[in-house]
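Below is one structure, written out as structure tokens, with a few remarks after it.
The values are calculated or read from the model by the stated rules, or taken from the named source; none is laboratory data. Since the structure is predicted, the reported quantities are computational estimates derived from the model, not experimental observations. Here the Cβ positions follow ideal geometry from the backbone for every residue, glycine too, while neighbour counts run over all protein chains shown.
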Amino acid sequence: MEQLTDLKAILHSKRANIFYLEKCRVMQKDGRVLYLTEAKDENYYWNIPIANTTVIMLGTGTSITQAAMRMLASAGVLVGFCGGGSTPLFSGSEIEWLTPQSEYRPTDYVQGWLSFWFDESKRLTVAKSFQQARINYLKRVWEKDRDLKAENFFTDDPQLSNAINNYTQQAPAANKVGELLQKEALLTKQLYRYAAKTTQLGDFVRTHDATDLANGFLNHGNYLAYGLAATTLWVLGIPHGFAVMHGKTRRGALVFDVADLIKDAIVLPWAFISAKEKVTEQEFRQQLLQKFTEHKALDFMFEQVKQQALQHSPSMTRSATEEQPS
């Protein structure tokens, strides 16, 4: 039997798997974590490679054993109970995850983060840096991705290019986080408008409770991005409450901030493309997870959070490539 100590876990930023499961039972068997599905005549067991898994989302009709949770926690896998299609997480409108309770995580990142967080001007500076990184990542992904180009998503489109340039010029001048949020909201609306026009989906209106495919896929994809963001912050030991953009009183707000780094670049275009093609939720999810891996979304999140944490604390000596204590 494989022991927990035998796991050779892949660094979180390099992990490839996110699982959404429904109508099954997750359990531990012979030193492995499996999920059991019931067919008409027999049951089927499927292995979950926990050492290479970032997040597991348990949808409708699922249950999990204590032994399986223990193994998942040992491997550093985040678990969330959610509704059908991975939305919403079952803590109301808040983003909270069942995180492994290991305190043997780096301390320098949280200390660096807190060294600036209580200074409003420094929080604003980090928020602006995140927004610039978000734009740079969007440009990089859209210019590199052949599939997006085939769907006519181009950053040099005059309408979109003007919107991005205006934002990158105006954002540094924001004097308060609220002002930056207003400018960011305007850019996001312009991105929605561009995506809807490109995919010929008409007059799109972003509504979280809407039942149309585009809104549904946006919700679904955003929750997957939240899972990556929550993993990043947990591994680095930074509490979710110390946000730089979203409300200071909103639980899990920093998860939203970090997820925003990659949502526009990957989730947004593929939500509209998938809606146009009327694919299933499973097909959309697989496409999105493939793109997260292809464009190293989790690596990018780690890179940005670590950079902001370390640069505000000159006494830090930890290597920028190190993610977990040995």
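Which residues, taken from the range 94-145, are β-branched (V, I, T) and not in a helix (DSSP H, G or I)?
I95, T99, T107
So in the range 277-313, with the set limited to residues that are surrounded by fewer than 17 Cβ atoms within 10 Å (Cβ to Cβ) and in contact with a Ser or Thr (Cβ under 6 Å, 6 or more places away or on another chain), which one is farthest from S115 (Cα to Cα)?
Taking the candidates together, the pick is D299.
Among the candidates T232, T198, which residue alone is among the hydroxyl-bearing types (S, T, Y), in the same structural domain as I262 (by TED's automatic domain parsing), under 26 Å from A309 (Cβ atoms) and surrounded by 14 or more Cβ atoms within 10 Å (Cβ to Cβ)?
Being among the hydroxyl-bearing types (S, T, Y), in the same structural domain as I262 (by TED's automatic domain parsing), under 26 Å from A309 (Cβ atoms) and surrounded by 14 or more Cβ atoms within 10 Å (Cβ to Cβ) holds for just one of T232, T198, which is T232.
Look through the range 266-295, keep the residues that are touching a residue at least 24 places away in the same chain (Cβ under 8 Å) and not in a helix (DSSP H, G or I), and return whichever of them is nearest to H220 (Cα to Cα).
K278
Under 6 Å by Cβ, and 6 or more places apart or on different chains, what pairs join a residue from the range 147-162 that is part of a helix (DSSP H, G or I) with one that is modelled with pLDDT of 90 or more?
L148/W142; L148/P269; L160/Y194
Name every residue in the range 21-53 that is among the hydroxyl-bearing types (S, T, Y), over 13 Å from V77 (Cα atoms) and at pLDDT 90 or above, in order of residue number.
Once the filter is applied, which keeps residues that are among the hydroxyl-bearing types (S, T, Y), over 13 Å from V77 (Cα atoms) and at pLDDT 90 or above, the range 21-53 yields only Y35.
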